[in-house]
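Student: Here it is: the structure, laid out below.
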Amino acid sequence: MNSSAATPPASESPSERLAGEPAALAQRHLRFGWWTLLLFLTLGLVLEALHGFKVGAYLNPSNDTRRLVWTLAHAHGTLFGLVNIAFAFTVGRLPEWPVRSRAIASSCLRGATLLMPAGFFLGGVRVYAGDPGVGIVLVPVGGVLLLAAVLLTALSVKPAKPDARSGERGNATPRRK
């Protein structure tokens, strides 16, 4: 049995190997997205409990910055969960998407999903005279990764090509009369 046929090239990274299988990559983002959604919706419930029980470390006027950045962590994390789920479905619809570009977009999106909400949350752990803590520096890094992921994904979506047989567009479903 020839084992070299089953061995990927040494220059291929693990994320590129995974991206080479769109179904596996889609499954990864579905799982990651749903768990992210669960985590940040739970954080939202914890923040609601802090509010409901009138916890001073969260509600005192001196902690406005903490309340703001923790709310931003919850909101961004929840949205990132949904974006990962949408990315999973996009990967499944674009089998012609080049593997390297797909791998980079996937890695950037997962990095942004971790860094941006974590930056907001860590920025609120220790607040300095109304300014968020040093963890906030992760937010712009996550933002750049998000922009890269969205750009690569948007560039991968090509206009549908007309179908020569029926005059309909590529993958479009024919209209019902």
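Student: Hey, can you tell me all the residues within the stretch 26-51 that are under 13 Å from the mean Cα position of the chain (by Cα) and among the aliphatic types (A, V, I, L, M)?
Tutor: Those that are under 13 Å from the mean Cα position of the chain (by Cα) and among the aliphatic types (A, V, I, L, M): A26, L30, L37.
Student: So, one more: Given the criteria over 18 Å from the mean Cα position of the chain (by Cα), part of a helix (DSSP H, G or I) and buried (at least 18 other Cβ atoms within 10 Å of the Cβ), does R102 qualify? Steps first, answer last, please.
Tutor: Details: over 18 Å from the mean Cα position of the chain (by Cα): no; part of a helix (DSSP H, G or I): yes; buried (at least 18 other Cβ atoms within 10 Å of the Cβ): yes.
Considered against the rule, which asks whether it is over 18 Å from the mean Cα position of the chain (by Cα), part of a helix (DSSP H, G or I) and buried (at least 18 other Cβ atoms within 10 Å of the Cβ), R102 comes out as no.
Student: Residue check: is L41 part of a helix (DSSP H, G or I) and free of Cβ contacts under 8 Å to residues at least 24 places away in the same chain?
Tutor: Here the answer is no, as L41 does not meet what is asked.
Every residue, every condition in (1) surrounded by 16 or more Cβ atoms within 10 Å (Cβ to Cβ); (2) free of Cβ contacts under 8 Å to residues at least 40 places away in the same chain; (3) not in a helix (DSSP H, G or I), yes or no:
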{"residue": "V46", "(1), (2), (3)": "no, yes, no"}
{"residue": "H51", "(1), (2), (3)": "no, yes, no"}
{"residue": "A57", "(1), (2), (3)": "no, yes, no"}
{"residue": "R66", "(1), (2), (3)": "yes, no, no"}
{"residue": "L72", "(1), (2), (3)": "yes, no, no"}
{"residue": "A75", "(1), (2), (3)": "no, yes, no"}
{"residue": "L79", "(1), (2), (3)": "yes, yes, no"}
{"residue": "L82", "(1), (2), (3)": "no, no, no"}
{"residue": "I85", "(1), (2), (3)": "yes, no, no"}
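One line per residue, one yes/no per condition, for (1) farther than 24 Å from L41 by Cβ; (2) in contact with a Ser or Thr (Cβ under 8 Å, 6 or more places away or on another chain):
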{"site": "A57", "(1), (2)": "no, no"}
{"site": "L79", "(1), (2)": "no, no"}
{"site": "N84", "(1), (2)": "no, yes"}
{"site": "V99", "(1), (2)": "yes, no"}
{"site": "A103", "(1), (2)": "yes, yes"}
{"site": "S106", "(1), (2)": "no, yes"}
{"site": "G111", "(1), (2)": "no, no"}
{"site": "M116", "(1), (2)": "no, no"}
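Student: Can I ask one more? For the stretch 115-157, give me the residue count where each residue is over 30 Å from E96 (Cβ atoms) and surrounded by fewer than 17 Cβ atoms within 10 Å (Cβ to Cβ). I'd like the intermediate steps shown before the answer.
Tutor: The first filter runs over the stretch 115-157 and keeps only residues over 30 Å from E96 (Cβ atoms), leaving 117-141.
From what is left, the residues that are surrounded by fewer than 17 Cβ atoms within 10 Å (Cβ to Cβ) are 125-126, 128-131, 134, 137, 140-141.
Selection size over the stretch 115-157: 10.
Taken together, the values in this text are just the output of simple stated rules run on the coordinates, not laboratory data. Please read all numbers here as calculations on a predicted model, not as lab measurements. Glycine also receives a Cβ, built like all others from the backbone with ideal geometry; neighbour counts cover every protein chain displayed.
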